[in-house]
Each structure stands twice: as structure tokens, then as C-alpha cells.
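Notes to accompany the following structure.
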Amino acid sequence: MCGIVAATAARNIVPVLIEGLTRLEYRGYDSAGLALLNPTLTRLRSVGRVAELAAQADGQVAHHGIAHTRWATHGVPSERNAHPHVSVGLAVVHNGIIENYAELKQELRAAGYAFTSDTDTEVIAHLIQETLKASADLFQAVQRATARLIGAYAIAVLREGDETLVVARHGAPLLLGLGEDGNYAASDASALLQVTRRMIYLEDGDVAELRRDAIRIVGAGGTAVNIPEQRPVHESTLSADDVELGEYTHYMQKEIFEQPQALAATLELIGGAQAISPNLFGVAAPEMLNSVRSVLILACGTSYHSGLVARYWIEQLAGIPCSVEIASEYRYRVSVPNPEQLVVAISQSGETADTLASVKHAKAQGMGRTLAICNVPESAIVRECALRFLTRAGPEIGVASTKAFTTQLAALFLLAVTLAKSAGRLGPEQESIQLKALRHLPVAVQKVLALEPEIKAWAERFADKHHALFLGRGHHYPIALEGALKLKEISYIHAEGYPAGELKHGPLALVDKDMPVISIAPNDTLLEKLKSNLKEVAARGGELYVFADADSAVDAEPGVHILRLPEHYGLLSPVLHVVPLQLLSYHVALVKGTDVDKPRNLAKSVTVE
Ligand code: G6P
């Protein structure tokens, strides 16, 4: 969701800005733009892909510039709303939402400023300009102007005749890149790998000044921040290959097939151990997790679904009550705080605004035992929580989350095992069995991936459908939800996930030959019950697509298609059963010809609420 790149360097920075925006495309956007000083201000904007902006920028040379991909919030996607927004020789790009923009706009209009867009961002440009009347110093003007903003922002500002770039963050991601021949800023590290691996993550309230050969940061209280003592310089371990497509056509495809290695990398954290230690979750974990008597999981989207699976594991293995809440609901509802409760925030990006706010909300209510399960080190959610488990899925670029989900499940299973041990409910032998099953996952997932040709054949039959129903029971019910989410996200087919037992309480009314019903049928204690639910569908002329286990006693018949997963996997079965659903969505989207990696209207990293 919105991407920022800023550069001041001895080299021509135009290709750096364009390459950076290309790397940020995955975040989701609908228009793009840049502002250069050469030496007067040049602004280029385009509705559509970064490639169109690149064509416009061809031949431009500059050493100082800011660039942006916009995901529309205030005002439709259009050139006039695309960033940068300018105010007499000054240009601003912004990620986030300014909540008090209407009041500020009124005030600035009264002061004589004319607005040419519907955005909240244009207010920032004019506000800085207005503030410059009192002092000509750009850095100070940005400090003073941002102090008046309510809401979330990451901004980059440049001005004609000024040698510096000024950036600031509050509630939206922004980092600095320290290069050999200049300094840079961006929404995430992938945009800057082309020029440097040395990154500084800004904190909320930071305002930073970038010159070609120096940077300085002033923190929230207005005091200078020491580098590297207070803002360490991190050496990014991302490699260029991590963010390249390689032999694949789409990032989603690459990420589905990377799952065995993503799981293996995540599980390297436990090595070959027969028993795990709570230290896996941080140095304070032994003490914090030891006395945990209940768990609250907070997340959004696919991460929320991994939390729903974890509830089954935590309650079954550890015997501890676990609730799972959508972060955007929890943050605003009146709930009953429990300071003893463990709060687990799950997030691929670590920057999802609602999840971050929900953790802050829990903390503000005295709930200090917080754990982040996250794929991005140094992200806001990781920094907000007392404990952390970093999944090692590698960068996930496709908007529809896949490998982040399965690695989150691995992390959450480890948490369930840890809590079960401290609750005295898991003996050494049982623990070793669970860890062995976990370690076998990469191999088991690899075998499931081999089902692709059959799944592809099924996908052909979905392309002309407008609705689909996904059924599951027990810890596969969240997998039904995730399967439905994947299908709607990338193929735009309306899909719903339902617990199979609820079928007759509503969705059965929708079943006919035009609504495929996809069912997850593992060989577990609920199989017989599920089979009755499937009969109810077949009796109404519904077409069933069943993902069964090798030994699930369920047979193909007219209107009932069956695909068998190679092995039955007990508690960890959801990790296997989600994979064919990912592949099904991917292939349906291919047949429909949608933009798999960048589905319409969606963003990868949802940094606004
Ligand atoms: C967006 C993405 C989803 C993701 C969700 C939560 O909606 O498109 O793929 O599951 O945000 O993101 P997070 O980074 O917090 O896991």
C-alpha cells in the first residue's frame, strides 16, 4: 500500500527511483509519480504501471528526487491525485492517512492556498510551505508541520534550491539506506537493495535529513538521535534473488512452490532438537510464557486464519483457552483486559496498521505479555512486542499470502508445544513426536505440490462460475476460510468458507449445479460427519470437489470429484491441506486471466486502517 523511494546521490538517481518503485509494486498501487530537482522541480505522474512512469522519465537526469506509488484513499486513482503533491517549488510524497486534513485544508484555503487534488497529502505540502514563512529551514518546517498532523504518515519532501531531502515517519514504515555515493529512503528494504544493504529503521516521530554525504535524525521529543547507538545500522540479509521471479511466471506461483524451503528455513530455528526451549520466542520468554493461562491472538486477513488454526492447537495441546480476534474489531471494541493473558500478534509484513494498533491497544490496557509472529525483522509490530518469533519465509511479494501462512502455522505449532510443556501436558516422548512431525513438513508439502496437474484440470471447471463454497470441520475449518479468501482475492469469484456442520443453517440454500462446493476431508474423527454434509450437497445437485487424505474412506461418484493428499498428517494436517487450495486459486486466476500478483483494489501491506 503506497510505496516511497527517495534519493540524493552523486549518481543519476532517476533509474534508482524507477527500480525502487518497481520493487515496491507488490505492495499494491494504482498510480505512480516522481519529483526531481534538475535544478528546478520536475514532476512526472501516471495512472497505471510504473513502466509508464519509467517511459515518461526516460532521458531525465537528476541527483535529488522522491518517488511514489499510490493506493487511493482520498480521491479516485487519477493523475491529479497521484503523488508527488507540490506547493510552489516544494514536493511531498506520503504513505498513510491524515485524519485532520479537512480542518487543515480549511485553514490553508483561508490563508490563500489553492488545492488541485482531492488528497489529504496536498495539505501536507501546503502546510510545510506555510510553516516555511516563519523559518526558511526545511527540516524545521517539516518538524513543525508534522507536529500538527493527526493520523499516520511516512513522508519525503524536497524543495527547489535545497541540498537536502527531509523524511519523517509516524505509524507508517520508512527506512534509510546508507549508500557509497549517497543516501536513500524507502518504504521497505527491497527497494534499496540495488544501491545498499545498510539500512536504518526510523521510529515513530523521527524526522531525518538526508544529504549526499550525511544524515541526521531527530526523534519524537525533538532531540537529536545518535547513530548507531540509538538507531542501529542493519546489514540487510536479503539477496537480489529473494525478490526476483527466476524461473516462475508469477510471485504467487514462486511462493507456493517455495513453501518446503520456507518451512525448512523456519524450522532450522529448532535444529535437530528433541525438545524445544521457550527461548525460541525471546530472552524474556521463559518467564513470560511459563505462567500463561490464556491466549489472545490478533491479526488480519490470512494471518487471522493462521490464528484460527492455532486456537485448535493451543486448546488441544496446552489446555489453555485461546481467543482469536480480527485486529480492526478488537482495537475499537470494549473488551475485558486480562493482564496475565499472552497477546500474540501475527503478521507477515509486521506493518499492518490495524494489527499494530490492536497490540498498542492491548498494551494500553495493561496487557504487557506480547509476542509477535512475523516475517519481517525490525518491522513495527516486532518492535512493539516484548517477544518475537521471526518466520523465515523470505520476502513475500504476491498480494495473496501463501508461504507466510504455512510458516506462521509452523511457528504457532511451536508455540502450542511450548505452552503445552509449561502447562505440564506434554511429556518428552510426545514432544519429540510432535517435533518430528513438524520437521517432516517440508517433505510432505513437496509431495502435495506434485498434485498440481490434477488441480490445474479442476481449475478449468471453475472459470465460468460466479460463486464457490468451501467446507471444512475442526482445525480444517480455518483452512476452508483461507481457501475461500485465496479464490476471491485473485480470481474475483465470490467464495465463502463455512464449517461443514453449519451448511444446513444457511448456505445449503445456495447450492445448485452452478455453485461448486470444495471440501477438505482429512481422515480424522470428523470424517463421518463431514461425509453426511457432503451427501446433503450431492442430494441438491451440487458439484463436489473433495481434497481427501490417502486413506479417507470417501469415494468418487458422479458429481463427486476426489483428489487425495499423499499422507494423513494429524494435528499438522491444515499445513498440508491449504496447499492444494492455494494452487486451485492460482490456476483458476490463470484461466480467468486476472493479475495474479496484484489483484485489483488490494494491497500487500495495509498500512492504513
Ligand atoms: C493484506 C494482504 C493479505 C494479508 C493481510 C494481513 O490484506 O493482502 O495477504 O494476509 O493484509 O497482512 P499481514 O502483513 O499483517 O499478515
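The values are calculated or read from the model by the stated rules, or taken from the named source; none is laboratory data. All of these numbers come straight from a predicted model, not from anything done at the bench. Every residue, glycine among them, receives a Cβ derived from its backbone with ideal geometry; neighbour counts consider all protein chains shown. With ligands, DNA and RNA removed, areas are computed over all heavy atoms of the protein, side chains included. Shrake-Rupley method; radii C 1.70, N 1.55, O 1.52, S 1.80 Å.
Looking across the stretch 381-399, just one residue is open to solvent by less than 10 Å² (accessible area, probe 1.4 Å), assigned to a helix (DSSP H, G or I) and touching a helix residue (DSSP H, G or I) at 6+ places or on another chain (Cβ under 7 Å), and that is 381. Here the stretch 443-457 is the region considered, the condition is being buried (at least 20 other Cβ atoms within 10 Å of the Cβ) and not small (Gly, Ala, Ser), and the residue that is nearest to the chain's Cα centre (by Cα) is 445. The test for being in contact (Cβ under 8 Å) with a residue 60 or more places away in the chain, more than 16 Å from the ligand (Cβ to nearest atom) and either under 28 Å from residue 499 (Cβ atoms) or open to solvent by 20 Å² or more (accessible area, probe 1.4 Å) (or both) does not hold for residue 310.
Being part of a loop (DSSP other than H, G, I, E, B) and open to solvent by less than 30 Å² (accessible area, probe 1.4 Å) is a property that residue 462 has.
Strands (runs of 3 or more DSSP E) fully within the stretch 130-202 that include at least 1 residues being in the same structural domain as residue 17 (by TED's automatic domain parsing), of a type in the set (Phe, Trp, Tyr) and within 30 Å of residue 244 (Cα to Cα): 151-159, 182-186, 198-201. Of the residues making up the stretch 315-327, those that are touching a residue at least 24 places away in the same chain (Cβ under 8 Å) and either within 15 Å of residue 412 (Cβ to Cβ) or part of a strand (DSSP E or B) (or both) number 9.
For the criterion of being modelled with pLDDT under 95 and part of a strand (DSSP E or B), residue 538 fails. Of all the criteria given as (1) away from the ligand (no atom under 16 Å from the Cβ); (2) touching a strand residue (DSSP E or B) at 6+ places or on another chain (Cβ under 9 Å); (3) among the aliphatic types (A, V, I, L, M), the one not satisfied by residue 608 is (1). Applying the set (1) touching a Gly at 6+ places or on another chain (Cβ under 8 Å); (2) within 16 Å of the ligand (Cβ to nearest atom) to residue 191 leaves exactly one unmet item: (2). Quick one: is residue 379 more than 13 Å from the chain's Cα centre (by Cα) and modelled with pLDDT under 95? The answer is no for residue 379. On the basis of being under 27 Å from residue 430 (Cβ atoms) and open to solvent by 10 Å² or more (accessible area, probe 1.4 Å), does residue 282 make the cut? Yes; evaluated as a whole, the condition is true for this residue.
For the stretch 328-343, the count of residues that are open to solvent by 30 Å² or more (accessible area, probe 1.4 Å), under 30 Å from residue 3 (Cβ atoms), in contact (Cβ under 8 Å) with a residue 24 or more places away in the chain and of a type in the set (A, V, I, L, M) is zero.
Residue-level analysis places residue 513 outside the set of residues that are open to solvent by 10 Å² or more (accessible area, probe 1.4 Å), within 30 Å of residue 28 (Cα to Cα) and modelled with pLDDT of 85 or more. You will find that of 495, 556, the residue that is within 26 Å of residue 456 (Cβ to Cβ), surrounded by fewer than 19 Cβ atoms within 10 Å (Cβ to Cβ) and not assigned by TED's automatic domain parsing to the domain that holds residue 23 is 556 and no other. When the stretch 217-244 is filtered for residues that are outside any loop (DSSP other than H, G, I, E, B) and open to solvent by less than 70 Å² (accessible area, probe 1.4 Å), the ones remaining, listed by number, are 217, 218, 225, 234, 240, 242, 243.
Once the stretch 400-440 is narrowed to residues that are open to solvent by less than 10 Å² (accessible area, probe 1.4 Å) and outside any helix (DSSP H, G or I), the residue that is nearest to the ligand (Cβ to nearest atom) is 400. So, in the stretch 344-370, of the ones that are in a loop (DSSP other than H, G, I, E, B) and surrounded by fewer than 20 Cβ atoms within 10 Å (Cβ to Cβ), which residue ends up nearest to the ligand (Cβ to nearest atom)? Among residues in the stretch 344-370 that are in a loop (DSSP other than H, G, I, E, B) and surrounded by fewer than 20 Cβ atoms within 10 Å (Cβ to Cβ), the one nearest to the ligand (Cβ to nearest atom) is 367. Scan the stretch 501-535 for residues that are outside any helix (DSSP H, G or I) and of a type in the set (Gly, Ala, Ser) and the total you get is 3.
Report whether or not residue 146 is within 24 Å of residue 161 (Cα to Cα), open to solvent by less than 30 Å² (accessible area, probe 1.4 Å), of a type in the set (Ser, Thr, Tyr) and touching a residue at least 40 places away in the same chain (Cβ under 8 Å). Considered against the rule, which asks whether it is within 24 Å of residue 161 (Cα to Cα), open to solvent by less than 30 Å² (accessible area, probe 1.4 Å), of a type in the set (Ser, Thr, Tyr) and touching a residue at least 40 places away in the same chain (Cβ under 8 Å), residue 146 comes out as yes.
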